[in-house]
Amino acid sequence: MAYIDLKNDLPGIRGPMIYRPETGRILNELAEVLLHDEDNTLSRAERELIGTYVSSENDCFFCQNVHGAMAQHYFNSDMDFIDGIKKDFRSAPISPKLKALLAIAGSVQQGGKKVTPDQIDTARKLGATDREIHDTVLIAAAFCMFNRYVDGLNTWAPQDRQIYVDRAPMRAAEGYSQEGLKK
Amino acid sequence: MAYIKVPEGVPGIRSLVQFRPETGAPLYDLAQTLLRGPSPLSPAERELIAAYVSSRNNCGFCMNSHAAAARCLFGREEQVVDEVIKEKDLSSLSEKMKALLQIAGKVQQSGKSVKPEDIEAARKAGAVDQDIHDTVLIAATFSLFNRYVDGLASFTPTDPAEYAAMGERMSTHGYIFPKK
């Protein structure tokens, strides 16, 4: 049960977003630009995967399942593919550039100062642009916020992982602008 | 020097939001709403939480700028800011603020580090649901800002006078999205 009375029974981040719509609206706007906006050279699949990986490192069940299901939907893959990346992205069948970006995201998860010039050089040599590096760092940082918001208030999360998979196509079609703000 | 090509000489998060205004606008909006919008916590108390989390994340830019804003807002009680950042003498703080800073410190480590006892202690000291909500979200948001600023190695001024000027501006005008 959540630590405060959210006055609704929505799962995960949707509970506190409805409880405090002034900030909920802004968090959705941020998620929309970072993860769903089409004006980005990183695919939606890649951006969702970065969010999923950071959420997994932060051990946030709700976020890693919501965004893991989104990544699974965009990659047109199964759950094992996503779980394999969370466990060991370095040996997963994904591009070297995406691996380099996930390495940066993993450092951001530990702390901003953990990102090294070498990690940035590696990503750049594999074709990453400034904006892709920027978005990787900001997505990873944003999930360090989302994960703490969800778990710091002890919100509840459905335990059946298939529920998240079933919801993903609708979320992919609608985007995040209204996520959580509709009951 | 920053890892990406941001406007030269512009410090910290300001340079990053100018590089990517589409994400910068909601980030400034979030700072303004959380730190200046309606809340049972005063802007001074909220800036103190921000400075404390930034200090624990060792983010010099965010810590120095939000500490400067908190000093301006606390006015004659400004010494409390440095006491909190140095984590030594907290005797001038209310029991409620001590308990909320304890929660913020847990959030800085991870969401799951916050325990029912931490919430219970805050409630006993008079914190209401919205105090707890805002404390958790401010601490979580600075876990974002600190990582964004340092993860891209943005320019961090070293002259204390620059932060004093920033603090003055932040305490008077709040968070207005910077135009290029």
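The values are calculated or read from the model by the stated rules, or taken from the named source; none is laboratory data. Note that the structure is predicted; figures quoted are calculated from it, not measured. Please note: Cβ atoms are built from the backbone with ideal geometry, for glycine as well, and neighbour counts cover all protein chains shown.
Details
- Test: residue in region B:147-155 that is part of a loop (DSSP other than H, G, I, E, B), away from every other protein chain (no Cβ under 13 Å) and in contact (Cβ under 8 Å) with a residue 40 or more places away in the chain: yes
- When B:M63 is tested against (1) touching a Phe, Trp or Tyr at 6+ places or on another chain (Cβ under 7 Å); (2) free of Cβ contacts under 8 Å to residues at least 40 places away in the same chain, only condition (1) is not met.
Let's see how each residue does on (1) away from every other protein chain (no Cβ under 13 Å); (2) more than 30 Å from B:R56 (Cα to Cα); (3) assigned to a helix (DSSP H, G or I):
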residue	(1), (2), (3)
A:E29	no, no, yes
A:E38	no, yes, no
A:Y53	yes, no, yes
A:C63	no, no, yes
A:V66	yes, no, yes
A:A71	yes, yes, yes
A:F89	yes, no, yes
A:A103	no, no, yes
A:K113	no, no, yes
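- Unique match (being in a helix (DSSP H, G or I) and surrounded by 18 or more Cβ atoms within 10 Å (Cβ to Cβ)) among B:A25, B:A2, B:A68: B:A68
- Filter pass, A:F75 being surrounded by 17 or more Cβ atoms within 10 Å (Cβ to Cβ), farther than 29 Å from B:C59 by Cα, among the aromatic types (F, W, Y) and more than 14 Å from every other protein chain (Cβ to nearest Cβ): yes
- Being crowded, with 22+ Cβ neighbours inside 10 Å, without any contact (Cβ under 8 Å) to a residue 40 or more places away in the chain, farther than 20 Å from A:C60 by Cα and not aromatic (F, W, Y) is a property that holds for A:V115.
- One residue from A:A128, A:A123 being over 17 Å from the mean Cα position of the chain (by Cα), surrounded by 18 or more Cβ atoms within 10 Å (Cβ to Cβ) and not in a helix (DSSP H, G or I): A:A128
- Residue count, region B:1-40 (criterion: among the basic types (K, R) and either more than 10 Å from chain A (Cβ to nearest Cβ) or under 21 Å from the mean Cα position of the chain (by Cα) (or both)): 2
- Residue in region B:31-51 that is in a helix (DSSP H, G or I), free of Cβ contacts under 8 Å to residues at least 24 places away in the same chain and surrounded by fewer than 22 Cβ atoms within 10 Å (Cβ to Cβ) present: yes
- For region A:36-51, residues that are surrounded by 19 or more Cβ atoms within 10 Å (Cβ to Cβ) and free of Cβ contacts under 8 Å to residues at least 12 places away in the same chain total 0.
A quick yes/no check of all residues on (1) within 22 Å of B:D29 (Cβ to Cβ); (2) surrounded by fewer than 24 Cβ atoms within 10 Å (Cβ to Cβ):
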| residue | (1), (2) |
| --- | --- |
| B:G111 | no, no |
| B:K124 | no, yes |
| B:T135 | yes, no |
| B:A140 | yes, no |
| B:Y148 | yes, no |
| B:E162 | no, yes |
| B:T172 | yes, yes |
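- Complete set of residues in region A:1-18 that are in a helix (DSSP H, G or I) and either more than 7 Å from chain B (Cβ to nearest Cβ) or more than 18 Å from A:C63 (Cβ to Cβ) (or both): A:R14, A:G15, A:M17, A:I18
- The listed residues are B:I103, B:I119, B:I132, and the only one of them that is within 14 Å of chain A (Cβ to nearest Cβ), closer than 21 Å to A:N147 by Cβ, at pLDDT 95 or above and in contact with an Asp or Glu (Cβ under 6 Å, 6 or more places away or on another chain) turns out to be B:I103.
- Any hit, region A:52-63, residues being under 18 Å from A:Q162 (Cα atoms), surrounded by 17 or more Cβ atoms within 10 Å (Cβ to Cβ) and of a type in the set (V, I, T): yes
- Condition broken by A:V33, with the remaining ones in (1) within 7 Å of chain B (Cβ to nearest Cβ); (2) within 21 Å of B:I138 (Cβ to Cβ); (3) buried (at least 17 other Cβ atoms within 10 Å of the Cβ) satisfied: (2)
Per-residue answers, yes or no, for (1) modelled with pLDDT under 95; (2) hydroxyl-bearing (S, T, Y); (3) farther than 21 Å from B:R123 by Cβ:
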site: B:P43; (1), (2), (3): no, no, yes
site: B:I49; (1), (2), (3): no, no, no
site: B:R71; (1), (2), (3): no, no, yes
site: B:F74; (1), (2), (3): no, no, yes
site: B:E87; (1), (2), (3): yes, no, yes
site: B:L93; (1), (2), (3): yes, no, no
